[in-house]
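> Sharing a structure with you now.
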Amino acid sequence: MDIHQDDRLNGDHTFATTTTIDQVQWRTGAEGLPRGIVHSHSDMYLRPLWDSGANPKNKNDNHTALLAMAVGISQMQNVDVMAHKFLNQNYTVMLFHYDGNVDGWRNLEWSDKAIHILAHNQTKWWFAKRFLHPDVVAIYDFIFLWDEDLGVDNFDPRRYLDIMVSEGLEITQPALDPDLSTDIHHRITIRNKMAKVHRRIYDSRASMNCSDESKGPPCTGWVEGMAPVFSQAAWRCVWHLIQNDLIHGWGLDMKLGYCAQGDRAEKVGVIDSEYVVHQGIPSLGGPSLSSKVCLSSQIVTF
């Protein structure tokens with residue numbers, strides 16, 4: 001399917017590939033329903049048995065956001081810290097359990113407020129393709145699709161999203177603390193302590209040659225797959241970009257710029273003032289590469 005087809009729908013109907021109402025109804029099986037009753041979108045709000053039917057009020061008037069992570073019980077302590085950051089802003093938390101252990105999370109006071117999905121030995125991209133369809137998560141302004149091994153002591157999700165909006169960014173990631181992160185692979189992700197946001201790096205070495213003329217990765221228009229944040233419009237595109245048999249997602253981050261809703265050099269960025277630590281902890285039983293990259297005097301971010 002063309003990754004841009006869904007944009008032509010303006011988000012009106014699930015799985016449709018044309019804009020004609022009659023064709024949409026034929027494809028969705030809604031042709032026998034009155035138009036006023038058809039709901040083509042859903043949300044992730046939990047509704048108790050005694051729910052009145054009204055949507056839960058979001059105390060954060062600025063944004064609605066969803067944090068989705070693939071998690072294992074061995075990282076519960078770190079995930080607990082991460083989840084609190086988002087739940088304190090009344091954002092939604094969804095946990096994809098790849099190790100089969102859901103009951104082990106019940107002792108956390110917020111566990112019943114989160115959404116838990118279990119499938120053994122699956123990555124976050126597998127979960128996202130199946131459970132984060134754009135029409136299901138259309139209520140959210142932003143989607144955080146994060147790994148479980150991020151330190152968030154210096155990260156506030158609300159401030160982060162305020163910056164994302166004010167800068168006109170559609171796809172972002174928080175910068176990585178170069179002093180504490182143990183798994184840094186790409187220089188553009190390293191925090192610039194003197195900036196709020198950077199969109200590109202400058203590197204005079206022949207192997208990189210990043211300049212104002214650079215139009216794409218690894219110099220500009222790029223974020224890494226461990227901590228991407230998507231606007232609603234960008235996620236609608238990215239969901240179609242994710243192949244059904246995608247596992248680890250290696251190389252997918254190089255293509256995210258196609259979903260930037262404009263010039264990737266302007267619409268994709270790394271937010272420096274709200275930053276995280278990438279701990280590089282093995283997930284799904286895989287090894288940690290522990291490949292820390294040192295800052296170079298030849299590297300400048302902007």
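> Checking the a/c ratio against 1.5 first, then a/b against b/c, what shape does the Cα gyration tensor give for the range 128-256? Don't jump to the answer; show the numbers that get you there.
Details: a/c = 1.60, a/b = 1.35, b/c = 1.19.
Prolate.
> Can you give the FRET efficiency for Asp263 and Ile115, using 1/(1 + (r/R0)^6), R0 = 30 Å, r = Cβ-Cβ distance, to the nearest 0.05?
0.30
> Which of the peptides 142-153, 107-118, 235-246 is most tightly packed, and how do the rest follow, going by the mean number of other Cβ atoms within 10 Å of each residue?
Values: 142-153: 22.3, 107-118: 14.2, 235-246: 17.7.
Highest-to-lowest ranking by the protection proxy: 142-153, 235-246, 107-118.
> Would you please give the FRET efficiency between Ile73 and Asp179, computed as 1/(1 + (r/R0)^6) with r the Cβ-Cβ distance and R0 = 35 Å, to the nearest 0.05?
Working: r = 29 Å, r/R0 = 0.83.
Taking R0 as 35 Å, the efficiency between Ile73 and Asp179 is 0.75.
> At a Förster radius of 25 Å, what calculated FRET efficiency corresponds to the Cβ-Cβ distance of Ala233 and Leu108, to the nearest 0.05?
Working: r = 33 Å, r/R0 = 1.32.
In this case the efficiency is close to 0.15.
> Oh, and also: Pop out the ³J(HN,Hα) list for the range 137-144 in order, Karplus 6.51 cos²θ - 1.76 cosθ + 1.60 with θ = phi - 60°, rounded to Hz; leave Gly and Pro as x.
Result, rounded to whole Hz: 10, 5, 5, 8, 6, 9, 10, 9.
> What is the extension gain from Asp80 to Met194, computed as 0.36 nm multiplied by their sequence separation minus the C-alpha to C-alpha distance, in nm to one decimal?
On the way: separation 114, 0.36 × 114 = 41.04 nm, distance 3.02 nm.
Working it through step by step, the gained length comes to 38.0 nm.
> What residues have an amide H closer than 5 Å to that of Ile190, excluding those fewer than 5 places away on the same chain, when H is modeled at 1.01 Å from N in the peptide plane?
Under 5 Å from the amide H of Ile190: Leu176.
> Name the long-range amide H neighbours of Met94: under 5 Å, sequence gap of 5 or more, or other chain; modelled H, no Pro or chain starts.
Sorted by chain and number, the residues that satisfy this are Leu67, Ala68, Met69, Ile115.
> Right, something else. Rounded, prolate or oblate, given the Cα gyration tensor of the range 237-282, with a/c below 1.5 counting as rounded? Display every interim value, and only then the final one.
Working: a/c = 2.92, a/b = 1.06, b/c = 2.76.
Verdict is oblate for the range 237-282.
> Each residue of the range 158-163 in order: what ³J(HN,Hα) in whole Hz does its phi give by Karplus 6.51 cos²θ - 1.76 cosθ + 1.60, θ = phi - 60°, with x for Gly and Pro?
Listing the rounded values in order: 5, 4, 4, 5, 4, 5 Hz.
> What ranking do Trp222, Trp126 get, fewest neighbouring Cβ atoms within 10 angstrom at the top? Let's see the in-between values first.
On the way: Trp222 27, Trp126 21.
By the 10 Å Cβ count, ascending, the order reads Trp126, Trp222.
> For Gly100, what residues show an amide H to amide H distance below 5 Å, using hydrogens built from the backbone and excluding near sequence neighbours?
Ala119, Asn121
No value in this document is a laboratory result; all are computed from the given coordinates. Because the structure is predicted, anything quoted here is derived from the model rather than measured. No Cβ is skipped: glycine too gets one built from the backbone with ideal geometry, and neighbour counts run over all protein chains shown.
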